[in-house]
1. Could you please give the count of residues in region 296-348 that are in contact (Cβ under 8 Å) with a residue 12 or more places away in the chain and in a helix (DSSP H, G or I)?
2. Conditions: (1) at pLDDT 90 or above; (2) buried (at least 17 other Cβ atoms within 10 Å of the Cβ). Residue 382 meets all but one. Number of the miss?
3. Determine which single condition residue 155 fails, assuming it passes every other condition in (1) modelled with pLDDT under 90; (2) at negative phi.
4. Residues to consider are 177, 217; find the one that is in a strand (DSSP E or B), under 24 Å from the mean Cα position of the chain (by Cα) and at pLDDT 85 or above.
5. Could you check region 38-100 for strands (runs of 3 or more DSSP E) lying wholly inside it with 3 or more residues that are at pLDDT 90 or above and either under 19 Å from residue 131 (Cα atoms) or touching a helix residue (DSSP H, G or I) at 6+ places or on another chain (Cβ under 8 Å) (or both)?
């Protein structure tokens, strides 16, 4: 049965002119059961490439039935260069995003074929490793990638989610939050990211992207301000306060929207942005209100890095600041961040009852080593990592 199906399936690149509407329908029909009595829909705003177009090298593959032309599967891939804490090693890494197979054609090898071919595309374009993220309880995904595709656990992370519009603690009058110029942010990040287990080398491109609203530092007023102006040596940050946190904000509202609807029968619907849906809504402690029945987006906190002993109040100030910013934006209903288990800031995330959390797992495979019969994957665990907002 599997062989006969695969013989009748062709894998090709996505065609914007004829596949946009069909892929959207396919992903809305990739459904899983739920007891919550609601459905989650995603509005791609007519852009199926919304999760990968920020990368210069990207591809989108579809699985098509030869006899009917029906699309029964889709996968996206992109390539970026990352740095590691191990001797500053540079790695060209491919990222697999948005693997979907039509429910009627699952467990027939189509998903595996899509993965294999997107890996081949990455290898052809110089990638050394392939990478993906999945929610910890997604057993089907874990089985596909670890058992059938030989991926290894790279990192464990926690996603923190808080709805906007809720009562929040006011920012202390002792704390100041200053916005940095892009060149200042680039300089500071390039100096500090080297301590991460994994980080993107093109941080300048991320910060310059129009979806990045800016970068700020939070510190106590009675401490001297970081003197980033007129700095002769951009690597010297000896004048930083004793406790401070840098953070940036990514506006997903401009790339896609999510929507909650009451549904019969009771189902959740996978979408192009199912990654966000799977991670956010199962753990949100919020009702399906009228405000959430309309399309809405969220702000993503990224690039969080802090130093010093008094980080708890500074982290609270960041959440309050970002929530307040989200409230001022049309259709923004949620603030999200993701941190590695061993990231020093993880323990300083506010312990508010309104903040939900869910476990996330990153997997990796050395495709060059795999081709030559070797297993030389990046060494885990990598717990203090930079979460790229383009991948979320």
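The values are calculated or read from the model by the stated rules, or taken from the named source; none is laboratory data. Only a predicted model underlies this, so the values are computations on that prediction, with no experimental measurement involved. When we count neighbours, we look across all protein chains shown, and the Cβ atoms used for this are built from the backbone with ideal geometry, even at glycine.
1. We begin by selecting, within region 296-348, every residue in contact (Cβ under 8 Å) with a residue 12 or more places away in the chain; these are 296-327, 329-346, 348.
Keeping just the survivors that are in a helix (DSSP H, G or I) gives 312-327, 346, 348.
Number satisfying all stated conditions: 18.
2. Unmet condition: (1).
3. The failed condition is (1).
4. 217
5. On the way: elements: 38-43, 57-65, 71-84.
Answer list for region 38-100: 57-65, 71-84.
Quick grid of which residues meet (1) outside any helix (DSSP H, G or I); (2) touching a helix residue (DSSP H, G or I) at 6+ places or on another chain (Cβ under 8 Å); (3) under 27 Å from residue 196 (Cα atoms):
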| site | (1), (2), (3) |
| --- | --- |
| 114 | no, no, no |
| 119 | no, yes, yes |
| 123 | no, yes, yes |
| 134 | yes, yes, yes |
| 142 | no, no, yes |
